[in-house]
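What follows is a short report on a single structure.
The values are calculated or read from the model by the stated rules, or taken from the named source; none is laboratory data. Model, not experiment: these values are computed from the prediction. As a convention, Cβ positions derive from the backbone with ideal geometry for all residues, glycine included, and neighbour counts pool all protein chains shown. Accessible surface is based on the protein model in full, side chains and every heavy atom, while ligands, DNA and RNA are left aside. Shrake-Rupley method; radii C 1.70, N 1.55, O 1.52, S 1.80 Å.
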Amino acid sequence: RAKRCSAMTVNQFRADVPFAPKISVVITHYERLPLLVRAVESALAQGPIVGEILVVDDCSPSLSRTQILQSLRPSPLLRVIRLGQNSGSQAARSTGVEESRFGLVALLDSDDEWLPGKLARQEEFMRLGSYDLSSTAFYKCFDSGSLIPGRNVRYRGSSADYILKHGGHLQTSTMLMNRELARSVGFPREVRKFQDWDFVIRAEIAGFRIGYLGDRLSVYHFGHGGQMTGRPNPQAVKEFISGLDGRLLPDTLYFALTRTLARTEIESGMLMAGF
């Protein structure tokens with residue numbers, strides 16, 4: 001049943017875990033100040049587990065660093081970093097990770113938000129499972145205001161199999177990871193779409209342990225102006241699959257072509273190509 005969007009209406013885990021390590025929160029931003037305010041508030045609401053909040057602004061043309069700071073609730077945890085030129089979300093994430101001071105890094109896009117207790121619950125999950133990176137299930141929030149549970153597929157096999165064979169999804173704003181993993185795997189600027197899928201698959205290929213927590217702890221907003229996510233883009237799917245050439249098992253590649261690419265072509269109106 002659809003619900004009105006409200007991160008505070010969902011019962012969540014306590015955020016005041018005294019023994020949990022501090023976490024660096026990296027929020028990437030570009031020209032979406034009201035949404036950024038909401039994202040920062042959801043990060044501040046995580047409690048003492050948050051060691052710092054790094055807002056990396058991708059050189060928004062209508063905003064200065066001072067204007068961004070003045071729009072956010074004052075907090076000693078908050079730091080705004082403004083890139084010298086518009087370089088894309090991958091460059092912004094790289095800058096945030098490089099500037100982070102704590103051993104765990106959580107990513108959050110400025111148009112999304114976290115539910116209370118998200119970081120504490122996820123850190124516990126990673127610690128008990130000895131994972132290097134984890135993602136969680138999430139709610140989808142439409143521009144109309146409807147909040148619905150996102151599809152929750154049981155994690156099995158490799159990350160590539162989970163995403164391309166079983167229809168699972170690992171979304172950027174749900175990710176918590178070891179800082180050294182983030183720095184080692186990196187965020188290539190040439191990856192323009194499916195950045196979350198690309199990152200997780202490359203992390204697993206590099207030997208890092210990936211865990212998926214089935215609790216819905218984030219709200220993924222889409223449908224607002226300027227957002228590319230959700231628009232069928234067959235060419236972007238082809239580039240994503242091509243970028244993993246030689247690193248996918250034959251049956252995984254088969255499913256990537258017959259499910260992911262074919263579905264995207266059909267959704268974009270390319271019926272014959274899809275079939």
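In table form, for the structure just shown:
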quantity	calculated
Rough spin-label spacing in nm, given labels placed 7 Å along Cα→Cβ, for Asn86 and Glu98	2.1 nm
Linear extension gain, Lys238 paired with Arg65, 0.36 nm per residue minus alpha-carbon span	58.5 nm
Most mobile of Leu54, Leu77, Leu170 in a GNM of the chain (Cα contacts under 10 Å)	Leu77
Cα→Cβ-extended label distance, 7 Å offset, between Phe142 and Glu124, nm	3.4 nm
Of all DSSP beta bridges in the chain, antiparallel share, percent nearest 5	30 percent
Hits among aspartates and glutamates - C-alpha to C-alpha of Lys193 under 20 Å, sequence gap 8 or more where chains match	Glu31, Asp57, Asp58, Asp109, Asp111, Asp112, Asp161, Glu204, Glu239, Asp245, Glu265, Glu267
Length-normalised contact order of the chain in % [C-alpha pairs under 8 Å, at least 6 apart]	21 percent
Accessible area in square angstrom per residue, the chain, 1.4 angstrom probe	47 Å²
R0 of 30 Å, Cβ-Cβ distance Arg154-Ala206: FRET efficiency to nearest 0.05	0.80
Dimensions in Å of the chain - Rg and Dmax from alpha carbons	18.2, 57
Flagged links, alpha-carbon separation over 25 Å, of Lys140/Lys165; Lys22/Lys118; Lys22/Lys140; Lys118/Lys140	Lys22/Lys140
Of all accessible heavy-atom area on the chain, the percent that carbon and sulfur account for (1.4 Å)	52 percent
Note, ³J(HN,Hα) from phi for the range 169-183, Karplus 6.51, -1.76, 1.60, rounded to Hz, x at Gly and Pro	9, 10, 9, 3, 6, 9, 7, 10, 8, 5, 4, 5, 4, 4, 6
Using a Förster distance of 25 Å, the FRET efficiency for Leu33-Glu180 (Cβ separation, nearest 0.05)	0.20
Relative contact order of the range 77-150, pairs being alpha-carbon contacts under 8 Å that are 6 or more residues apart, as %	13 percent
